[in-house]
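Trainee: Below you will find the structure I want to go over with you.
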Amino acid sequence: MTTTDSGPSASLDSLAQRFSPSMNAVTSPYGILCDLTFTFAVVAAVGISTAAVFHYFPAIPGWVAIIPLAIPFLINAAAHLALCGARHRVVNWLMGVPFPVENVNAVLCGVGEQFDVTFEEAVPSRDALMQYLARASEDAYVLEIDESRRAMLARFGVVESKHNPHREAHRRFKRMQKVVSLALIPMHEEHRIERVLIV
C-alpha cells in the first residue's frame, strides 16, 4: 500500500501535539484505570471493606490498612505510565493510511461520531458505500451523499452510553480504526479518497 505525501502530513497537522490523560485513556480498553473518579470510588469501596476487616480483627496493626488503600492509586499511576505512548501509536497508525484522516482529536475526546469522506471523483452509489462500511461494522451507515462536493457523511454507529462513557469512547476509537482500515482503505483502491474529516 502506497501512502501519499498529503495523507500523513494532513492527518498529523490536525492531531493534538500532546495528548491529555483522557485522550490517552480512550486508546485502551483499560483506560478507565486512569480515571481519578473511578480510582477514588474504588478506594472508598476498599476503605469500607478494610474498616470491616479491622472491626472484626482488631489485632491487625493499623499500618496494614495503608496497603489496600494504596493499591488503586498505584494501579492508576501504572495505567498512566503504560498509556503515555498513546500518541506515538496513533501517529504510527495514521502514517499507514493513504489519505488524510483529519480531526482524530474528536474521537480521542469522546465525541466525533460522524465522518465526512471527500472523493477525488464521483461519489460511489449508496449501496456500494454501505457494502464497504459493512466490512467494518453493520452499525456503520451512510447519512447523506452530497454530489456537488463529491462527499458522503456517515456514522460510526457506536451507541452512546451514559453509564460507561469510557467504554463508549474506546469503542468509537476502535470503530474508527476498523472503518478506516477495513472499509475506507479498500474503498480508496477503487474510488480515490481525497480526505476523511471526523466531525
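Trainee: Looking at the structure I just gave you, is R172 basic (K, R) and under 19 Å from M23 (Cβ atoms)?
Mentor: Values: basic (K, R): yes; under 19 Å from M23 (Cβ atoms): yes.
Yes, satisfied.
Trainee: Collect the residues in the range 189-199 that are in contact with a helix residue (DSSP H, G or I) (Cβ under 9 Å, 6 or more places away or on another chain) and in a loop (DSSP other than H, G, I, E, B), keeping them in residue-number order.
Mentor: Result: H191, V199.
Trainee: Right, something else. Kindly provide the set of residues from the range 21-35 that are of a type in the set (S, T, Y) and in a helix (DSSP H, G or I), ordered by number. Talk me through it step by step, then tell me what you get.
Mentor: Let us first name the residues in the range 21-35 that are of a type in the set (S, T, Y), namely 22, 27-28, 30.
Matches in the range 21-35: S22 only.
Trainee: Name every residue in the range 156-178 that is within 21 Å of E144 (Cα to Cα), of a type in the set (A, V, I, L, M, F, W, C) and touching a helix residue (DSSP H, G or I) at 6+ places or on another chain (Cβ under 7 Å), in order of residue number.
Mentor: Hits for the range 156-178 are F156, V158, M176.
Trainee: Here are some residues: A65, A70, A25. Which one is over 20 Å from P165 (Cβ atoms) and modelled with pLDDT of 90 or more?
Mentor: Going through A65, A70, A25 in turn, just one is over 20 Å from P165 (Cβ atoms) and modelled with pLDDT of 90 or more: A70.
Trainee: For P72, which of the numbered conditions (1) without any contact (Cβ under 8 Å) to a residue 40 or more places away in the chain; (2) surrounded by fewer than 16 Cβ atoms within 10 Å (Cβ to Cβ); (3) assigned to a helix (DSSP H, G or I) fails to hold?
Mentor: If we test P72 against (1) without any contact (Cβ under 8 Å) to a residue 40 or more places away in the chain; (2) surrounded by fewer than 16 Cβ atoms within 10 Å (Cβ to Cβ); (3) assigned to a helix (DSSP H, G or I), just (2) comes out false.
Trainee: Follow-up question, since we're still on this one. Identify the single condition in (1) in a loop (DSSP other than H, G, I, E, B); (2) loosely packed, with under 14 Cβ neighbours inside 10 Å that L15 does not satisfy, given that it satisfies every other one.
Mentor: The one condition L15 does not meet is (2).
Trainee: Has the range 144-164 got any residue that is among the polar types (S, T, N, Q) and under 17 Å from L94 (Cα atoms)?
Mentor: no
Trainee: Right, here's the next one. Out of L108, L129, which single residue is touching a residue at least 40 places away in the same chain (Cβ under 8 Å), of a type in the set (A, V, I, L, M) and in contact with a helix residue (DSSP H, G or I) (Cβ under 7 Å, 6 or more places away or on another chain)?
Mentor: Just a single option satisfies the conditions, and that option is L108.
Trainee: Moving on to the next point. So in the range 132-154, with the set limited to residues that are of a type outside the set (S, T, Y) and under 29 Å from L33 (Cβ atoms), which one is surrounded by the most Cβ atoms within 10 Å (Cβ to Cβ)?
Mentor: For the range 132-154, the residue satisfying everything is A140.
Trainee: For H191, are the conditions met, namely being in contact with a Pro (Cβ under 6 Å, 6 or more places away or on another chain), over 30 Å from L33 (Cβ atoms) and touching a residue at least 24 places away in the same chain (Cβ under 8 Å)?
Mentor: It is true that H191 is in contact with a Pro (Cβ under 6 Å, 6 or more places away or on another chain), over 30 Å from L33 (Cβ atoms) and touching a residue at least 24 places away in the same chain (Cβ under 8 Å).
Trainee: Kindly indicate whether any position in the range 154-171 is under 24 Å from V111 (Cβ atoms) and in contact with a Pro (Cβ under 7 Å, 6 or more places away or on another chain).
Mentor: yes
The values are calculated or read from the model by the stated rules, or taken from the named source; none is laboratory data. Everything quoted here is computed from the prediction, not taken from an experiment. Positions of Cβ are generated from backbone atoms using ideal geometry, with glycine treated the same way; all protein chains shown enter the neighbour counts.
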